Amino acid sequence: MTKEELKIKLGEVLDPSASKPLSETGGIKHIGIDDDNVVTLIIGLESDNDAYTKKIKRDLARIVKLDLGFKGLKTEFQLNKLDDSILNREVKYIGIASGKGGVGKSTVTANLAYALKRLGKKVGIIDADVYGSSIPTILDMEITKPKGTKEQKIIPFKKDDIELISTEFFMDPTKPLMWRGPMLGKMLNHFFYDVEWNDKIEYILVDLPPGTGDVAMDIQKLIPDSKMLIVTTPHKSASHIAVKAGFAAQQLNHDLLGVIENMSHLDHKGERLNIFGEGGGVIVADKLNTDVLASIPIGQPINHISIFAADEEIGVDYLGLANKLLKTFE
């Protein structure tokens, strides 16, 4: 049996998430038959709910193995809307993670985005810190509801030519977000599948929530090739928890780009003050077998609440960090 004949036969299988056969949904994305007479399929569904995938997997196996006599079947599933999403493009993803809150992870994300933009890169930000989303506030933006296209895509917000999407735009600012894991996953899916990102975006920075919960695992499913930065402060307690975030990233098969030691010290009248202690960044880097890429001191931008200009000392530090990261992607 040829692949084309097999495709016609499998096209009769009903996609339970759409109540239509795969031939109508365009759900047969790939068919392979190896030398051992094992069929490999990539099937696109309207929804990858477990109940749907289990049912269609049984239906496909019955045809492939019982009706047609193939030796085995390997099946992978993806969402049909992957085809016109940013996940189907050559975009480089950098996840910014930390073990605990309060280490300045979101501020690092925002300033790194500006540094990459200043180096000529087209940058977007996904604020995936769903419980404590703050990127729009850090960028001093007005919180308004997002708009959509006629194709029902979400139009990302833009600040200084940086595109971004954040839970903060979708929520009542006076109410806490009280969602369980499945709801968080749906929101992340919207950010990746349903946002009309600029076609020229080269880098997406993903501001992750602190810790190692559901969002980290959802990110691994969506962007398994994402590379990770770990943010800590010099304090020993912060570094202890940051190590756990790094180990979690490694267990999820993400490459670690390195460690950023934020709020490393305060320069005061020519004196270096180690307000939060010292050595935390090195501790994290050593335990994770990586490097400290930058030590960002405590400071306040001159003309912005959080973003340092390119000619400010800390702005130069971020440019140096961005240059190091670009070299790893070359």
**Item:** Subset tally (residues that are charged (D, E, K, R), surrounded by 17 or more Cβ atoms within 10 Å (Cβ to Cβ) and out of contact with any helix residue (DSSP H, G or I) (no Cβ under 8 Å at 6 or more places or on another chain)) for region 60-94
**Value:** 0
**Request:** Could you grab me the full set of residues in region 11-41 that are acidic (Asp, Glu), out of contact with any Pro (no Cβ under 8 Å at 6 or more places or on another chain) and farther than 14 Å from Lys71 by Cβ?
**Result:** Glu24
**Prompt:** What's the number of the condition Ser264 fails, among (1) assigned to a loop (DSSP other than H, G, I, E, B); (2) loosely packed, with under 15 Cβ neighbours inside 10 Å?
**Reply:** (2)
**Residue identified as buried (at least 16 other Cβ atoms within 10 Å of the Cβ), in contact with a strand residue (DSSP E or B) (Cβ under 6 Å, 6 or more places away or on another chain), closer than 17 Å to Leu112 by Cα and not hydroxyl-bearing (Ser, Thr, Tyr) among Ala249, Ala238, Ala294, Ala245** = Ala294
**Message:** Suppose we keep only residues that are touching an Asp or Glu at 6+ places or on another chain (Cβ under 7 Å) and surrounded by 18 or more Cβ atoms within 10 Å (Cβ to Cβ) within region 9-37. Which one would you say is farthest from Lys57 (Cα to Cα)?
**Reply:** Thr25
**Message:** Filter region 267-286 down to the residues that are without any contact (Cβ under 8 Å) to a residue 40 or more places away in the chain, assigned to a helix (DSSP H, G or I) and surrounded by fewer than 22 Cβ atoms within 10 Å (Cβ to Cβ) and list them by number.
**Reply:** Val282, Asp286
**Prompt:** Of all residues in region 89-122, how many are of a type outside the set (Ser, Thr, Tyr) and either outside the structural domain of Phe276 (by TED's automatic domain parsing) or not in a helix (DSSP H, G or I) (or both)?
**Reply:** 18
**Prompt:** Got at least one residue in region 260-275 being in the same structural domain as Ile94 (by TED's automatic domain parsing), of a type outside the set (Phe, Trp, Tyr) and under 17 Å from Pro209 (Cα atoms)?
**Reply:** yes
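The values are calculated or read from the model by the stated rules, or taken from the named source; none is laboratory data. These figures come from a predicted structure and were not determined experimentally. Note that each Cβ is placed from the backbone with ideal geometry, even for glycine, and that neighbours are counted across all protein chains shown.
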